[in-house]
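Heads up, the thing below is written out as structure tokens.
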Amino acid sequence: MIILQIETATSVCSVALSESGKTIHLAELNEPNAHAAKLTRLIEQVIREASLTLSDLDAVAVSKGPGSYTGLRIGVSTAKGLCYGLDVPVIAIDSLHSLAAGYVQENPALPENALICPMIDARRLEVYTAVFNRDLVLEQPTKAQIINVDYFDSLPLNAPLFLFGDGADKFTDMFAERENIQVISGFRQSADFLSKPAYEAFLKSDFEDVAYFEPFYLKDFVPMKPKKKQEGV
């Protein structure tokens, strides 16, 4: 079972191929505007490296959000186009769940009572976030949230809490004095993290309608207004 996986919810443009839940090829870039310009190239790259063709795919999985409005739109549109043309199902994976799954995958020795908090940047002190336990069961639901130093006070103080993802780095100083909270810098989203959840969804035939599926934006898109030039400048 071969699944193509597309991850564009953050600044990382990432594509993977998995076979029966295991990643076999991965290509990714973390640079401005990579999604629009280079996503199809990364898809071609992993297909070529695996000595396969697009017709060998059994499904396409895509990170559905929350995350970057533009990135999600590009990733989902590309996935839908491939699925329509190849007549294969599209699988939608929650971006925070896959990020959490990736952290657990990379850190198998987490304490049994650990809580994990994936964070996707939503500008300034706002993030898209949720809290899971080590078994990836939701402890706090997905939100677009402005984080302050008291935000996690409702969680058990004896449970170690790990913050990670491209939205977490900006809180290193905020939680420096909290012994039970650890900010993991530099941990980024990857299409590799979609392999297991995509395989599980495929086995359950948990597919989206190719014609009507839309990304999970969580909040409305608000374009940034250009700054007005000062007179005489």
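The values are calculated or read from the model by the stated rules, or taken from the named source; none is laboratory data. Predicted model, so just to flag it, every value in this text is computed and none were measured. Virtual Cβ from ideal backbone geometry, glycine too; neighbours counted across all protein chains shown. The accessibility values were calculated without ligands, DNA or RNA, using every heavy atom of the protein model including side chains. Shrake-Rupley method; radii C 1.70, N 1.55, O 1.52, S 1.80 Å.
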Next item on the list: Run down Ala27, Ala59, Ala16, Ala36 and say which single residue is at pLDDT below 95 and among the hydrophobic types (A, V, I, L, M, F, W, C).
Entry: Ala36
Item checked: Inter-residue pairs, beta-carbon under 9 Å, first open to solvent by 50 Å² or more (accessible area, probe 1.4 Å) and in the range 81-92, second of a type outside the set (Val, Ile, Thr), 6+ apart -> Tyr84/Ala211; Gly85/Leu54; Leu86/Leu54; Leu86/Ser55; Leu86/Leu57
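Looking only at the range 1-52, how many residues end up being of a type outside the set (Gly, Ala, Ser) and either without any contact (Cβ under 8 Å) to a residue 24 or more places away in the chain or not in a strand (DSSP E or B) (or both)?
Here is the first cut: in the range 1-52, the ones of a type outside the set (Gly, Ala, Ser) are 1-8, 10, 12-13, 15, 17, 19, 22-26, 28-33, 35, 38-49, 52.
Of the ones still in play, those that are also either without any contact (Cβ under 8 Å) to a residue 24 or more places away in the chain or not in a strand (DSSP E or B) (or both) are 1, 8, 10, 19, 29, 31-33, 35, 38-49, 52.
Number satisfying all stated conditions: 22.
Pull up the range 74-105, narrow it to residues that are out of contact with any helix residue (DSSP H, G or I) (no Cβ under 9 Å at 6 or more places or on another chain) and of a type outside the set (Val, Ile, Thr), then point me to the one that is farthest from Ser11 (Cα to Cα). Spell out the reasoning first.
Here is the first cut: in the range 74-105, the ones out of contact with any helix residue (DSSP H, G or I) (no Cβ under 9 Å at 6 or more places or on another chain) are 76-77, 79-81, 83-84, 87, 96, 104.
Next, only the ones that are of a type outside the set (Val, Ile, Thr) stay: 77, 79-81, 83-84, 87, 96.
On the way: Ser77: 17, Ala79: 18, Lys80: 21, Gly81: 22, Cys83: 24, Tyr84: 26, Asp87: 29, Leu96: 14 Å.
Selected residue: Asp87.
Suppose the filter is open to solvent by less than 20 Å² (accessible area, probe 1.4 Å), in a loop (DSSP other than H, G, I, E, B), of a type in the set (Phe, Trp, Tyr) and modelled with pLDDT of 95 or more; does Phe187 pass it?
Details: open to solvent by less than 20 Å² (accessible area, probe 1.4 Å): no; in a loop (DSSP other than H, G, I, E, B): yes; of a type in the set (Phe, Trp, Tyr): yes; modelled with pLDDT of 95 or more: yes.
No.
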Checklist line | Residue list for the range 140-155, restricted to those being outside any strand (DSSP E or B) and either on the phi > 0 side of the Ramachandran plot or open to solvent by 70 Å² or more (accessible area, probe 1.4 Å) (or both) | finding: Asn148, Asp150, Asp153, Ser154
Margin query: Checking the conditions here, which among Val137, Val210, Val131 is of a type in the set (A, V, I, L, M), surrounded by 21 or more Cβ atoms within 10 Å (Cβ to Cβ) and at pLDDT 95 or above?
Written below: Val131
Note to self: Exactly one of these conditions fails for Lys219: (1) loosely packed, with under 15 Cβ neighbours inside 10 Å; (2) at pLDDT 95 or above. Give me its number.
What the structure shows: (2)
Checklist line | Within the range 102-140, tally of residues that are touching a residue at least 60 places away in the same chain (Cβ under 8 Å) and touching a Cys at 6+ places or on another chain (Cβ under 6 Å) | finding: 0
Next item on the list: Filter the range 156-169 down to the residues that are open to solvent by 20 Å² or more (accessible area, probe 1.4 Å) and in a loop (DSSP other than H, G, I, E, B), then identify the one that is modelled with the lowest pLDDT.
Entry: Leu157
Item checked: Residue tally, condition under 12 Å from Asp166 (Cα atoms) and open to solvent by 10 Å² or more (accessible area, probe 1.4 Å), over the range 98-121 -> 1
